[in-house]
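Single-structure report; data block below.
The values are calculated or read from the model by the stated rules, or taken from the named source; none is laboratory data. This structure is a prediction, so every number in the text was calculated from the model and none was measured. Counting neighbours? That spans all protein chains shown, and the Cβs are built from the backbone with ideal geometry, glycine included.
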Amino acid sequence: MTHSPIDEALSAAGPPQGAKTPSGGSAVREATNVGAFIFDMDGTMIDSMGYHAQSWELFARQHGLSIEIDDLMRRTTGRTGAECMCELFQRDMAADEAWALIAEKEQLYRDIFGPIFAEVAGFSAFYAATRSHGLNVGVGTAGDIHNVEFALGHLKMNPPPDAIARGDEGLTGKPTPAIFLAAAQRMDVLPAHCIVFEDAPFGIEAARRAGMRAVAVCTGHSPEELSGPHVLAAVRNYNELLESKFLESLHVATK
């Protein structure tokens, strides 16, 4: 009998055991055969989603568009910039036009968020602890190179991520698994050995389709909105993962 990557990932996760419950989150399940973490960026590494919403509203006004921001964010979070622009303008557009509009919108975002930049609470400490456990770390984001450089420049991650997969590389956005699969491939880690950290429903679904396990980072959605059989834990921030000894519960994969 053959098994899909998703079946293999869920099998690798094993049954819930040694559960520890972070305050405000779900019980943490121990995980076996873990080789890498893949972090989404906006809303997961950095506390940026509210500022993306502000920049979308400003961008839409400048282009004479009327939008319902909560609906737009629900339909576009996790999708690539080009996909978002087609959704906003409700038409197909050439790549050059789409990316020119994206550059305009994302500059508004960086101008708004830059002076008050903030990480999701505890991210830097959790990243350092992850590195001390010998895990590979990738970033899988629908953001473009300018937003990635902006975020990494503020976060000063040392050492830097082992791999980054972006939405401006021709990869399809979430909920398709392409971005996460590209990050895993670049780290030479099997999808079933990866844990994705995500704040959005499309990202949680992309992890499932990739055959990866996930941790829900509930900065903008409830644990119920980010649930799934592949979700090991739901937390509000990384301090909760540190307090729950999540890293100590892992069994690191050997190649």
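Selection of the range 147-168 for residues being buried (at least 16 other Cβ atoms within 10 Å of the Cβ) and either in contact (Cβ under 8 Å) with a residue 40 or more places away in the chain or assigned to a loop (DSSP other than H, G, I, E, B) (or both) yields N147, V148, F150, A151, L155, M157, P161, D162, R166, G167, D168. For the range 213-228, filtering for residues that are surrounded by fewer than 16 Cβ atoms within 10 Å (Cβ to Cβ), closer than 23 Å to A118 by Cβ and not hydroxyl-bearing (S, T, Y) leaves 1. The set of residues in the range 33-85 being under 26 Å from L155 (Cβ atoms), of a type in the set (A, V, I, L, M) and in a loop (DSSP other than H, G, I, E, B) consists of M41, M45. The listed residues are F202, F197, F180, and the only one of them that is surrounded by fewer than 21 Cβ atoms within 10 Å (Cβ to Cβ) and either part of a helix (DSSP H, G or I) or among the hydrophobic types (A, V, I, L, M, F, W, C) (or both) turns out to be F202.
A151 passes all but one of (1) closer than 23 Å to I204 by Cβ; (2) touching a helix residue (DSSP H, G or I) at 6+ places or on another chain (Cβ under 8 Å); which number fails? Condition (2) is where A151 drops out. The set of residues in the range 229-255 that are β-branched (V, I, T) and crowded, with 19+ Cβ neighbours inside 10 Å comprises V231, V235.
Take the conditions assigned to a strand (DSSP E or B) and of a type outside the set (G, A, S) and apply them to H221. Does it pass? Answer is no for this residue.
Residue count for the range 75-115 under the criterion of being closer than 30 Å to L241 by Cα, touching a residue at least 12 places away in the same chain (Cβ under 8 Å) and surrounded by fewer than 16 Cβ atoms within 10 Å (Cβ to Cβ): the result is 2.
Per-residue answers, yes or no, for (1) of a type in the set (V, I, T); (2) outside the structural domain of T32 (by TED's automatic domain parsing); (3) modelled with pLDDT under 95:
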residue: Q107; (1), (2), (3): no, yes, no
residue: P160; (1), (2), (3): no, no, no
residue: A163; (1), (2), (3): no, no, no
residue: T176; (1), (2), (3): yes, no, no
residue: H193; (1), (2), (3): no, no, no
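The set of residues in the range 128-142 being touching a residue at least 60 places away in the same chain (Cβ under 8 Å) and outside any strand (DSSP E or B) consists of A129, T130, H133, G134, L135, T141, A142. Check the range 145-153 and report whether any residue there is touching an Asp or Glu at 6+ places or on another chain (Cβ under 9 Å), within 15 Å of F39 (Cβ to Cβ) and at pLDDT below 95. Within the range 145-153, none of the residues are touching an Asp or Glu at 6+ places or on another chain (Cβ under 9 Å), within 15 Å of F39 (Cβ to Cβ) and at pLDDT below 95.
Evaluated against (1) over 13 Å from the mean Cα position of the chain (by Cα); (2) under 12 Å from I38 (Cα atoms), S227 falls short on exactly one condition, (2).
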